[in-house]
1. Looking at (1) assigned to a loop (DSSP other than H, G, I, E, B); (2) surrounded by 19 or more Cβ atoms within 10 Å (Cβ to Cβ), which is the one condition that is false for residue 180?
2. With respect to the numbered conditions (1) surrounded by 20 or more Cβ atoms within 10 Å (Cβ to Cβ); (2) farther than 30 Å from residue 354 by Cα; (3) over 20 Å from the mean Cα position of the chain (by Cα), which one is the sole condition not fulfilled by residue 108?
3. Does residue 203 satisfy the condition of being out of contact with any helix residue (DSSP H, G or I) (no Cβ under 7 Å at 6 or more places or on another chain), farther than 17 Å from residue 347 by Cα, surrounded by fewer than 18 Cβ atoms within 10 Å (Cβ to Cβ) and at pLDDT 95 or above?
4. Between a first residue in region 280-299 that is in the same structural domain as residue 257 (by TED's automatic domain parsing) and at positive phi and a second residue that is surrounded by 11 or more Cβ atoms within 10 Å (Cβ to Cβ) and modelled with pLDDT of 90 or more, which pairs have beta carbons less than 7 Å apart while being 6 or more apart in sequence or on different chains?
5. Could you check, for region 167-176, whether at least one of its residues is in contact with a helix residue (DSSP H, G or I) (Cβ under 8 Å, 6 or more places away or on another chain) and more than 29 Å from residue 102 (Cβ to Cβ)?
6. Out of the residues in region 222-241 that are modelled with pLDDT under 95 and over 23 Å from residue 147 (Cα atoms), state the one that is farthest from the chain's Cα centre (by Cα).
7. Restricting attention to region 315-354, which residues are over 16 Å from the mean Cα position of the chain (by Cα), within 17 Å of residue 175 (Cα to Cα) and surrounded by 18 or more Cβ atoms within 10 Å (Cβ to Cβ)?
């Protein structure tokens with residue numbers, strides 16, 4: 001019999017509070033019994049931690065599709081990767097690698113029955129170039145959000161001489177979005193992020209034309225210098241004052257891809273959060289599109305999109321970066337670090353080896 005442990009919520013940070021490591025707890029829990037018919041026993045290998053989970057720390061998430069975490073209860077995030085230990089489902093065999101994009105518990109071992117809402121999918125490592133974690137990055141919701149956000153909301157026209165700006169550009173979605181914007185036809189790609197190291201990563205490794213460190217540079221002035229012809233596509237991961245600055249430099253008939261608003265996730269606001277009247281006026285006067293983007297509205301396009309993303313990754317045209325924290329006991333630490341900008345690319349937790 002193996003031991004088991006999970007991550008729990010000790011206390012809430014408060015609707016306007018900043019999450020800290022002591023919001024989370026780590027404790028032993030029962031090892032699951034043998035699977036009943038239709039069930040499989042899974043060992044967690046990797047966990048995804050995501051900014052959107054911040055709202056689950058409040059008593060009211062503010063959105064209809066996520067429920068709040070309960071004090072003292074085992075936590076669950078979005079994606080995870082695991083290995084089948086025992087199976088009472090003919091679809092799965094012990095040793096299979098599996099992944100899910102939603103509802104993966106932050107626990108070492110658990111039982112799961114296949115269901116339509118949060119389906120488990122087998123992973124064929126040979127199709128991933130040997131990289132087991134790609135389903136939690138580019139070949140999962142992160143990649144789909146970036147790709148479909150640009151396709152459905154970006155308004156990119158090949159040969160249109162368009163400039164694209166990405167905030168939160170060194171994060172999971174932002175780092176992919178800039179590369180995808182270039183591949184779709186943008187002639188100039190500029191990222192906004194929070195450190196010189198991240199700026200260097202964007203320009204030297206991902207091929208961005210330029211990057212702005214919002215902590216040490218004047219974003220308004222630098223944006224004017226770097227985007228002399230204005231901004232045509234804005235992939236918005238942060239919201240707040242940075243987004244206001246970008247929108248004020250956007251061209252007529254341009255497009256905002258509303259992906260995330262991490263700058264205001266620690267505030268008790270509806271989603272998407274309200275914006276100043278001056279920005280509302282700017283959007284209307286310039287006919288700038290800024291409508292909510294929810295990737296789950298495009299499920300019918302997932303399969304085709306994932307095939308395209310796999311081609312881009314395996315051909316070397318799309319680069320993926322991960323920041324990995326070791327140990328299930330450090331999942332809360334990884335979440336807090338990510339919310340404070342400590343990650344480059346996708347933040348993952350390595351729980352166990354196969």
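The values are calculated or read from the model by the stated rules, or taken from the named source; none is laboratory data. Quick caveat, the model's predicted, so the values are computed rather than measured. Neighbour counts are summed over all protein chains in view; Cβ atoms, including those assigned to glycine, are modelled from backbone coordinates with ideal geometry.
1. With (1) assigned to a loop (DSSP other than H, G, I, E, B); (2) surrounded by 19 or more Cβ atoms within 10 Å (Cβ to Cβ) applied to residue 180, the lone miss is (1).
2. Exception for residue 108: condition (2).
3. yes
4. 287/253
5. No, that holds for no residue.
6. The residue in question is 241.
7. 318
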